[in-house]
Amino acid sequence: MNGAQAVARTLADCGVTTCFANPGTSEMHFVAALDAVPELRGVLCLFEGVATGAADGYGRMTGRPAATLLHLGPGLANGLANLHNARRARTPLLPIVGDHATYHKRFDAPLESDIDALAGSVSGWVRRCARSADAGSDTAEAVAAALRAPGQIATLILPADVTWTGGAAAAAPIAPRLPTPVPDEVIGQVAAVLRGGEPTVILLGGTGLRRTALTAASGVAQVTGARLLAETFAARHERGAGIPPVDRLAYLVEMAASQLAGTRHLILAGPSAPVSFFAYPDKPSTPLPAGCQVHVLAEPGDDVPGALASLADLVGAGDAPGTPGPPQRPEVPDGELTAQTAASAIGALLPEGAIVCDEANTSGLWLPAATAGAPPHDWLSLTGGAIGQGLPLATGAALACPDRPVLALESDGSAMYTVSALWTHAREQLDITTVIFSNRAYAILTMELERTGAPTTGTTARSLLDLSRPDIDFTALAAGMGVPASRATTAADFAAQLERAFAEPGPHLIEAALPPRG
Ligand SMILES: Cc1ncc(C[n+]2csc(CCOP(=O)(O)OP(=O)(O)O)c2C)c(N)n1
């Protein structure tokens, strides 16, 4: 067995069954090894940012890492923004980065670069495989590292000669570190805070936003009077009818501050303490009111649902069912197509079990309310603020859950970063409905221009935030990559096209022509 075969065999034996790949010369032996290991499915992505974003979506939905095959430093660099989002999501993910043969590196060939430095910027674990005899065991360690609770990026750098040299062997899986149980003492301290009766918010994040955790948290809120909020950009939030609803902490720091006004105690169940996304002149860096005490019930690597369940028992909410959200959908809208009427159509038609990949940005303002009472679904957000995530994320979610419909909600500017994901949607015939909110602007930045206090009247500045001249024809882009596409100009059109896309298997794209915001 050569090193590449040992890596591929070990991945499959460790339960890694998908590899999002954009290979080059140094990865040819790994590419060839995939034919010898049919349990490991290679999925071609036409840009590395698609491969890494897809692995993020896959990992969020399965709890298991996908591998990505990336070509030396430049390939990894192209994938870094979505690896950054995956790091923020705490997704288990296993980039395999090919490198020059060990003896070739000293010649400083054109693709030579500092892969270790690039990998280190997003990875919790990095290993450069030194010889083919180690390829299997290094791979098994990488899988265990990726799975280490709560999940992290574990990067394996694979020199070309390691892949083609024989004498390698597959290695057995290694048990990863599981979520840590929260000590009774900590749960007791948090229960005491809740019993104190002062205004308290429980901020839920990570695995605290799954159904069982939400039910326990909702019981705690019912019995103690604490309020629940969800972190602003959750990796995966289970929501919809029958699941206790939780509002998200707002993106804008002054709105988040008003949600938290008067709070004396903030209890963290999964997330870090909230901060403002950016600094602005004259605005605070944190939305927490002065004097608010922060208590950590559970850190991201802890057993967050378990801690909430124990807390519910301790405060006498063990049998309380929580307050599940009622089934409630908006009417199918009529009239002008706006972000608001589009949200109503989505709320009216969202299929049960849908996985929503949300990169709608400013067009997404009305989505949470419109979909709160839709049948149960998962909501995946832009965790790290690096746009260009939504279409790749949907790719991975669809491959992870082939029996569930996926809805990618994309704003036009963000879609263009990784638009080649549509080609993979078509090639793999993924059941993804993509909605492009086409407002022909970087609309959020027109708001941010004002919020930062920068002068707003310059025509050059305005033109850098405007996506017209020329208008982007997303139906033509989609058709060119094999995805059936249509354009909606009224709310009724949009609803009809959405209904059709949900009813037919395979990928579809709908360009929602919104009033221009440029
Ligand atoms: C990787 C990356 N590059 C640039 C940015 C800066 N940025 C933030 S929002 C934005 C424009 C978003 O426009 P669009 O996706 O059309 O959404 P809209 O604001 O119109 O709702 C840009 C360029 C970013 N967040 N991430």
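What number goes with the only condition from (1) among the basic types (Lys, Arg); (2) in contact with a Lys or Arg (Cβ under 9 Å, 6 or more places away or on another chain); (3) away from the ligand (no atom under 16 Å from the Cβ) that Arg427 does not pass? Tallying (1) among the basic types (Lys, Arg); (2) in contact with a Lys or Arg (Cβ under 9 Å, 6 or more places away or on another chain); (3) away from the ligand (no atom under 16 Å from the Cβ), Arg427 fails exactly one: (2). Total residues in region 470-508 satisfying the condition of being in contact with a Lys or Arg (Cβ under 9 Å, 6 or more places away or on another chain) and at positive phi: the figure is 1. Tally up the residues in region 437-495 that are away from the ligand (no atom under 14 Å from the Cβ) and of a type in the set (A, V, I, L, M, F, W, C), please. The total comes to 13. In region 406-421, the residues that are among the β-branched types (Val, Ile, Thr) form Cβ pairs under 7 Å with partners that are within 12 Å of the ligand (Cβ to nearest atom) and not in a helix (DSSP H, G or I), at six or more places apart or across chains, as follows: Thr418/Gly388. Return yes when Thr91 is open to solvent by less than 10 Å² (accessible area, probe 1.4 Å), of a type in the set (Ser, Thr, Tyr) and in contact (Cβ under 8 Å) with a residue 60 or more places away in the chain and no when it is not. Considered against the rule, which asks whether it is open to solvent by less than 10 Å² (accessible area, probe 1.4 Å), of a type in the set (Ser, Thr, Tyr) and in contact (Cβ under 8 Å) with a residue 60 or more places away in the chain, Thr91 comes out as yes. Just wondering, is there one or more residues in region 125-135 that are within 16 Å of the ligand (Cβ to nearest atom) and surrounded by fewer than 24 Cβ atoms within 10 Å (Cβ to Cβ)? Scanning region 125-135, I find no residue that is within 16 Å of the ligand (Cβ to nearest atom) and surrounded by fewer than 24 Cβ atoms within 10 Å (Cβ to Cβ), so the answer is no.
Within region 62-78, the set of residues being under 24 Å from Ala149 (Cβ atoms) and without any contact (Cβ under 8 Å) to a residue 60 or more places away in the chain comprises Ala67, Thr68. Within region 239-276, the only residue that satisfies the criterion of being surrounded by fewer than 17 Cβ atoms within 10 Å (Cβ to Cβ), farther than 17 Å from Leu365 by Cα, in contact (Cβ under 8 Å) with a residue 24 or more places away in the chain and not small (Gly, Ala, Ser) is Arg264. Under the condition of being surrounded by fewer than 24 Cβ atoms within 10 Å (Cβ to Cβ) and either away from the ligand (no atom under 16 Å from the Cβ) or more than 28 Å from Val275 (Cα to Cα) (or both), the residues counted in region 380-400 number 1.
Checked against the criteria, Pro110 counts as more than 28 Å from Thr424 (Cα to Cα) and either open to solvent by 10 Å² or more (accessible area, probe 1.4 Å) or part of a helix (DSSP H, G or I) (or both). Answer yes if at least one residue in region 401-415 is within 16 Å of the ligand (Cβ to nearest atom) and more than 17 Å from the chain's Cα centre (by Cα), and no otherwise. Checked region 401-415: at least one residue is within 16 Å of the ligand (Cβ to nearest atom) and more than 17 Å from the chain's Cα centre (by Cα). Checked against (1) aliphatic (A, V, I, L, M); (2) part of a loop (DSSP other than H, G, I, E, B); (3) free of Cβ contacts under 8 Å to residues at least 60 places away in the same chain, Ala234 meets all criteria but (3).
Applying the condition of being within 16 Å of the ligand (Cβ to nearest atom) and open to solvent by 10 Å² or more (accessible area, probe 1.4 Å) to region 365-379 and asking which residue is farthest from Asp412 (Cα to Cα) yields Pro368.
Highlighted here are the helices (runs of 4 or more DSSP H) found entirely within region 426-514 that include at least 1 residues which are open to solvent by less than 20 Å² (accessible area, probe 1.4 Å): 443-451, 474-480, 491-503.
The values are calculated or read from the model by the stated rules, or taken from the named source; none is laboratory data. Keep in mind the model is a prediction, meaning the values are calculated, not measured. Here the Cβ is made from the backbone with ideal geometry for all residues, glycine too, and neighbour counts use every protein chain on show. To get the accessible areas, we keep the full protein, side chains included, count just its heavy atoms, and leave off ligands, DNA and RNA. Shrake-Rupley method; radii C 1.70, N 1.55, O 1.52, S 1.80 Å.
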